[in-house]
Amino acid sequence: MRFSHQALSAIIATVSCYVSIEVAFADPVSIEVALPNFASGGGESLKFKGVAAISGADLHLTSAAGSLYGAAFNRDLVSLSNQRSFSTYFTFRMTNPQCGTGEGADGLAFVIQADESSVGSSGGGIGYEGIPSSLAIEFDSFKNDGFSDPDNNHIGISLNGNPKSVATVEAPFLLINETTYHAWVDYDGRADLLEVRLMDSAARPSVATLSYKTDLEAIFGSEVFVGFTAATGSCFEQHYISSFYFSRDLLAGGIDTTLNEYLPAHD
């Protein structure tokens with residue numbers, strides 16, 4: 001089949017248009033936070049509460065002492081305009097448990113909230129208890145019967161600052177040890193599906209560790225703050241975040257931890 005010069009020009013222009021659109025969508029402009037570590041000013045984008053501070057290359061949320069809380073949230077609002085869809089990846093560790101029973105306490109949480117000034121308290125609320133209009137993904141290392149905790153080593157999904165999680169699962173690994181764990185949290189606003197994954201390596205599991213159907217649009221608006229909380233009680237441990245990536249939209253397959261070229265998005 002032969003085409004005239006004018007027809008070929010039109011076809012090339014059309015193909016070029018589609019290619020340009022595809023490239024534009026592939027550009028990772030939705031990465032809002034890209035912190036492979038917290039050294040050399042890596043914590044400058046965060047605002048700290050309680051005892052949270054940067055320690056070397058880590059975000060140190062609490063030390064191993066009783067009745068402490070620490071929190072760190074992104075200073076700037078993040079827009080979750082696509083039905084609150086998002087993807088995040090972070091690494092953490094909890095060490096040095098001290099308690100009369102040999103356990104530690106209480107755990108740490110990834111938190112999205114509408115008001116950055118809101119913080120929780122020490123103890124079993126893991127620093128997020130009482131924060132309104134919020135989502136918390138907790139990595140809980142102490143069994144609080146008052147919050148209906150299933151055990152002292154679980155992952156939970158909590159809404160609106162209520163430590164009685166709407167969904168829990170036993171953690172696939174012992175949370176308090178020297179291991180740095182890898183966590184992925186992804187929310188599909190179109191399907192109202194929240195998924196949490198935990199692994200002891202950077203290999204993202206294909207199957208979610210914990211899944212829950214919820215409408216985050218009913219919980220907070222499109223402008224939010226993202227960050228972490230942790231707390232200790234009469235028992236305690238140290239809580240560290242070692243890296244943190246956050247996308248203001250759902251990324252198919254989660255944030256790829258092998259890609260180091262992610263840069264914070266700018267409007």
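The values are calculated or read from the model by the stated rules, or taken from the named source; none is laboratory data. Source: prediction; values computed, not measured. When we count neighbours, we look across all protein chains shown, and the Cβ atoms used for this are built from the backbone with ideal geometry, even at glycine. The protein model used for the area step is the full one, side chains on, heavy atoms only, and it has no ligands, DNA or RNA in it. Shrake-Rupley method; radii C 1.70, N 1.55, O 1.52, S 1.80 Å.
Annotations
- Debye intensity ratio I(q)/I(0), log10, region 111-267, q values 0.12, 0.14, 0.20, 0.21 Å⁻¹ (C-alpha model): -0.52, -0.72, -1.56, -1.70
- Charge dipole magnitude, Cβ of K and R +1, D and E -1 - region 74-217, Cα centre, debye nearest 20: 260
- Whichever lysines have a C-alpha closer than 27 Å to that of Lys213, once near sequence neighbours (fewer than 8 apart) are set aside: Lys143, Lys164
- Relative contact order of region 46-186: 22 percent, from C-alpha pairs under 8 Å at least 6 residues apart in sequence.
- Peptide ranges 165-171, 197-203, 235-241 listed from the most packed, as the mean C-beta count within 10 angstrom indicates: 235-241, 165-171, 197-203
- For region 109-189, the solvent-accessible area of protein heavy atoms averages 32 Å² per residue (probe radius 1.4 Å; ligands and nucleic acids excluded).
- Using a probe radius of 1.4 angstrom, the carbon and sulfur fraction of the accessible surface of region 164-259 is 50%.
- For Ser85, the amide hydrogen comes within under 5 Å of the amide hydrogens of Gly189, counting only partners 5 or more places away or on other chains and with H modelled in the peptide plane.
- In a simple Cβ point-charge model (Lys, Arg +1; Asp, Glu -1; nothing else charged), region 194-259 has a dipole of about 120 debye relative to its Cα centre.
- Global form of region 96-150, assessed from the alpha-carbon gyration tensor, a/c cut-off 1.5: prolate
- When the P(r) of region 159-204 is calculated, the portion above 16 Å amounts to 55% of the C-alpha pairs.
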